[in-house]
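The values are calculated or read from the model by the stated rules, or taken from the named source; none is laboratory data. Because the structure is predicted, anything quoted here is derived from the model rather than measured. With ideal geometry, Cβ positions are generated from the backbone for all residues, glycine too; neighbour counts draw on all protein chains shown. Keep in mind that these areas ignore ligands, DNA and RNA; they rest on the heavy atoms of the full protein, side chains included. Shrake-Rupley method; radii C 1.70, N 1.55, O 1.52, S 1.80 Å.
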Amino acid sequence: MKVIASSVRKGNVLEVDDKLYVVLTAESFHPGKGTPTTQIDMRRISDGVKTSQRYKTTEQVERAMVEDREHTFLYSDGEGFHFMNSENFDQITLAAELVGDGAAYLQPEMKVMLSVYEGNAVAIQLPQKVVLEVTETEPVTKGQTASSSYKPAMLSNGVRTNVPPFIGAGTRVVVMTEDGSYVERAKD
């Protein structure tokens with residue numbers, strides 16, 4: 001299925017030169033002069049080789065026909081990450097390379113979308129946001145009232161992020177799974 005390059009998102013599976021690639025990042029650039037372009041970083045599924053391609057934003061790319069199925073994360077061990085199909089309860093194991101940086105955000109019972117091509121899982125899409133607890137952060141500096149100032153914090157999954165000054169250790173916060181950035185305080 002042909003789609004324009006600017007509509008490609010992280011986790012999509014593309015077919016380039018009869019080989020399948022999973023998109024790691026897709027970023028569009030709109031310079032003041034010249035043609036807008038889309039930079040796509042991707043990994044070849046067959047051997048894991050990473051590559052970058054630059055397309056004009058209106059250029060057509062081939063999106064592979066994969067089936068997106070909802071799975072539930074069960075656990076991880078030495079073999080990889082184990083997921084269960086929500087419909088027929090089949091279990092599938094993904095290698096750590098396929099999960100990548102998203103592994104830090106996986107939580108038991110989390111619903112994820114797995115892209116399946118010819119019976120094999122080739123890509124994973126995590127929920128956009130997750131709720132995590134701040135385990136450690138610096139105390140508030142008195143007189144620090146600028147709303148745009150952030151301080152470093154360590155989350156319960158071991159990822160470092162920046163949070164507003166009013167967030168203390170033990171506070172549950174919502175973060176983006178794509179880059180680990182703070183969104184808001186959790187409402188629970």
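Taking the Cα centre as origin and putting +1 on Lys and Arg beta-carbons and -1 on Asp and Glu beta-carbons, what dipole magnitude results for the chain, to the nearest 20 debye? Before the final figure, lay out the partial values.
On the way: 20 positive and 26 negative charges, 196 e Å.
With only Lys, Arg, Asp and Glu charged at Cβ, the dipole is about 940 debye.
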Check your understanding: Label points 7 Å out from Cα along the Cβ direction at GLN107 and ASN157: separation in nm?
Key -> 0.9 nm
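Output needed for the chain: three equivalent-ellipsoid semi-axes, defined as square roots of 5 times the C-alpha gyration tensor eigenvalues, in descending order, whole Å.
Details: eigenvalues 218, 125, 31 Å².
Rounded to whole Å, the semi-axes are 33, 25, 12.
Quick check on the chain: helices-only [θ] at 222 nm, where DSSP H runs of length 4 and up contribute -39,500 (n - 2.57) each and the sum goes over total residues. Nearest 500, please.
Working: 1 runs with 4 residues, N = 188.
Estimated from H runs of four or more residues: -500 deg cm²/dmol.
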Point to revise | Cross-link table LYS10/LYS56; LYS129/LYS187; LYS2/LYS56; LYS111/LYS151; LYS50/LYS129; LYS10/LYS33, entries beyond 21 Å C-alpha to C-alpha | key: LYS111/LYS151; LYS50/LYS129; LYS10/LYS33
Review point. Any idea what the alpha-carbon Rg over 2.2 N^0.38 Å comes to for region 79-135?
Key: 1.17
Check your understanding: How many angstrom lie between the C-alpha centres of region 154-169 and region 36-104?
Key -> 28 Å
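Tally up the carbon and sulfur contribution to the accessible surface of region 1-92 as a whole percent, 1.4 Å probe, everything protein left in place. Please report the intermediate quantities before stating the final value.
Working: 2630 of 5680 Å².
The nonpolar share, carbon plus sulfur, comes to 46 percent.
Please give the FRET efficiency for LYS129 paired with ALA169, using the beta carbon to beta carbon distance and R0 = 22 Å, rounded to the nearest 0.05. All intermediate terms of the calculation are to be shown ahead of the outcome.
Values: r = 21 Å, r/R0 = 0.95.
Computed FRET efficiency for LYS129 and ALA169 comes out at 0.60.
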Check your understanding: Roughly how many Å² is the accessible area per residue of region 1-154, as a whole number, for a 1.4 Å probe?
Key -> 61 Å²
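Give me the dipole magnitude in Debye, nearest 20, for region 28-98 about the Cα centre, with unit charges on the beta carbon: positive for Lys and Arg, negative for Asp and Glu.
Values: 8 positive and 12 negative charges, 148 e Å.
Around 700 debye, computed over region 28-98.
Taking the Cβ of MET176 as the centre, find all other residues whose Cβ is under 13 Å away and add up their charges (Lys, Arg: +1; Asp, Glu: -1). Could you put the intermediate results ahead of the total?
On the way: positive: LYS10, LYS129; negative: ASP101, GLU178, ASP179, GLU184.
Net charge around MET176: -2.
Express in nm, to one decimal, how much length is gained between ALA186 and ASP18 on full extension, taking 0.36 nm for each residue of separation and deducting their alpha carbon distance. Walk me through the intermediate numbers first.
Details: separation 168, 0.36 × 168 = 60.48 nm, distance 4.46 nm.
Going from the current span to full extension adds 56.0 nm.
When ranked by the protection proxy of mean other Cβ atoms within 10 Å per residue, highest first, what sequence do the peptides 42-49, 84-91 form?
Details: 42-49: 14.4, 84-91: 10.9.
The most tightly packed comes first, giving 42-49, 84-91.
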Point to revise | Percent of C-alpha pairs per 10 Å bin, region 38-141, short to long | key: 12, 38, 30, 15, 5, 1
Revision key, fill the gap. Charge dipole of the chain built from unit charges on the beta carbon (Lys, Arg +1; Asp, Glu -1), centred at mean Cα; most positive-end Cα among PRO152, THR135, GLN125 is PRO152
Exercise for review: Putting +1 on Lys and Arg Cβ atoms and -1 on Asp and Glu Cβ atoms, find which of ILE4, THR58, HIS30 reaches farthest to the positive end of the dipole of region 1-94.
Suggested key: HIS30
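Normalising by the residue count of the chain, find the relative contact order in percent from Cα pairs under 8 Å and 6+ residues apart.
RCO, the chain: 14 percent.
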**Study point:** For peptides 34-40, 124-130, sequence by mean Cβ density within 10 Å, most packed first
**Key:** 124-130, 34-40
Practice item. For THR57, list long-range residues whose amide hydrogen, built 1.01 Å from N in the peptide plane, is under 5 Å from its own amide hydrogen. Key: THR37, THR38
